[in-house]
Amino acid sequence: MEKSLRINKIKLYLIKLRLQRPFETSFGEIWDKHALLVEIINDDNISGWGEIVSGEGPWYSYETFEVSILIFKKYIAPLILKNDKINSRNTFELLSRIRGYNMTKAGIEMAIWDLEAKLNNLSLSKFIGGNKNRIKSGVSIGIKKSVNDLINTIDYRIKEGYGRIKIKIKPGWDINVLKKVRDVFPDIALQVDGNGAYTLRQHLDLLRKIDKFNLLMIEQPLAYNDIFDHSILSRKINTPICLDESIKNISDLKTAIMIGGLEILNIKPGRIGGYSQSLKMIKISKFFQIGCWIGGMLETGIGRGHLIALASLPEINYFNDISASNRYWEEDIIEPEWKLNSDSTINVPNKPGIGVNVILDRIEQKTEKVFVFEK
Ligand SMILES: [Mg+2]
């Protein structure tokens with residue numbers, strides 16, 4: 001289907017949103033978060049929305065929001081506007097001339113998927129073959145100042161309705177913490193994320209000890225760019241290894257599968273260049289019986305809508321890191337906000353595209369800069 005979407009305008013909004021509470025990772029604590037929103041507008045004035053999930057600093061990846069703006073302005077927007085045959089299936093290919101910058105590419109690609117689903121009068125979920133009315137929603141909890149603080153937070157999240165808890169770990173905040181968490185919550189569905197903070201050489205004995213905590217998985221314990229050492233670790237521990245940062249493209253995934261470096265894959269469309277790559281990875285993973293779930297990057301309601309559509313695919317078989325709007329934001333920029341059901345799920349909307357209304361006034365209030373590109 002080489003139908004043109006007739007995109008004639010692109011807007012890139014840099015907004016700043018206040019978090020409910022500071023978000024802590026092994027890299028530090030943040031309170032306000034910039035977000036980059038992409039709006040594409042076609043000849044009939046219909047908009048598609050996407051979000052670029054690059055960070056405040058080059059911690060999760062080298063892509064920061066400032067770098068994304070530069071790449072978007074100088075290379076991505078002109079390429080998209082110049083091409084009359086652009087659609088959801090060929091955008092990644094067209095943008096492959098630009099090496100790297102997967103988050104920036106994913107932001108516009110997802111806006112194109114949203115617009116194309118709307119033009120087909122389908123929800124994004126249905127458009128990509130989703131078959132669920134509700135997706136499994138889990139919550140991710142950062143490193144806290146004290147173990148008590150962590151226990152209280154877990155307790156609060158369980159009472160809110162979350163059925164799966166993920167906690168961030170780092171050297172010095174791992175076995176001792178897990179022991180106390182399991183003392184208080186022996187049966188909760190629990191997994192951990194190391195964000196690359198461990199090494200095989202220094203921490204193998206320690207990592208072996210996590211097997212006794214009955215975890216669903218350990219996510220990215222070793223370096224962000226490693227695949228090989230993970231394959232060694234996977235032979236030495238029983239807890240399934242999930243990769244996040246290390247899998248940036250299909251080639252990484254094939255390598256990891258072939259050398260036995262992962263059993264479960266965290267799919268973040270931003271990390272791997274968007275939806276078309278996500279759909280391919282999900283197919284490959286299914287073929288090799290690798291588990292899949294959808295991870296989050298502190299998205300606004302717009303990015304979250306894209307994640308929810310992806311998580312509605314039948315192959316997604318674990319809890320996702322997709323929480324309700326109020327998990328992160330004082331107020332979201334969409335309505336209705338994403339809400340958690342009592343069975344730890346979030347509803348998949350039926351309305352066309354991402355299926356929620358974008359509150360333009362609120363976006364404008366929170367906008368620091370807007371860039372407009374026209375044909
Ligand atoms: Mg992770």
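The values are calculated or read from the model by the stated rules, or taken from the named source; none is laboratory data. All values reported here derive from a predicted model rather than from experimental measurement. Because the Cβ atoms are built from the backbone with ideal geometry, glycine has one as well, and the counts that use them run over all protein chains shown.
Observations, loosely collected:
- Screening residue 321 on (1) of a type in the set (Asp, Glu); (2) crowded, with 22+ Cβ neighbours inside 10 Å; (3) within 20 Å of residue 126 (Cα to Cα) shows it passes everything except condition (3).
- Reported count of residues in region 43-67, each being within 14 Å of the chain's Cα centre (by Cα) and assigned to a strand (DSSP E or B), is 4.
- The condition (being closer than 23 Å to residue 342 by Cα and either of a type in the set (Ser, Thr, Tyr) or within 16 Å of the ligand (Cβ to nearest atom) (or both)) is satisfied by just one residue among 191, 220: 191.
- Exactly one residue among 124, 150 is of a type outside the set (Ser, Thr, Tyr) and in contact (Cβ under 8 Å) with a residue 60 or more places away in the chain, and that residue is 124.
- Residue that is surrounded by the most Cβ atoms within 10 Å (Cβ to Cβ), among those in region 286-303 that are of a type outside the set (A, V, I, L, M, F, W, C) and out of contact with any helix residue (DSSP H, G or I) (no Cβ under 7 Å at 6 or more places or on another chain): 303
- Condition check for residue 126 on (1) basic (Lys, Arg); (2) under 30 Å from residue 46 (Cβ atoms); (3) in a loop (DSSP other than H, G, I, E, B): one failure, at (3).
Here is a yes/no grid of residues against (1) closer than 27 Å to residue 199 by Cα; (2) not in a loop (DSSP other than H, G, I, E, B); (3) not assigned by TED's automatic domain parsing to the domain that holds residue 273:
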site	(1), (2), (3)
80	no, yes, yes
85	no, no, yes
131	no, no, no
144	yes, no, no
148	no, yes, no
159	no, yes, no
166	yes, yes, no
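- Within region 1-44, tally of residues that are modelled with pLDDT under 90, surrounded by 15 or more Cβ atoms within 10 Å (Cβ to Cβ) and among the hydroxyl-bearing types (Ser, Thr, Tyr): 2
- Residue selection: residue 196 satisfies the criterion of being within 14 Å of the ligand (Cβ to nearest atom) and at positive phi.
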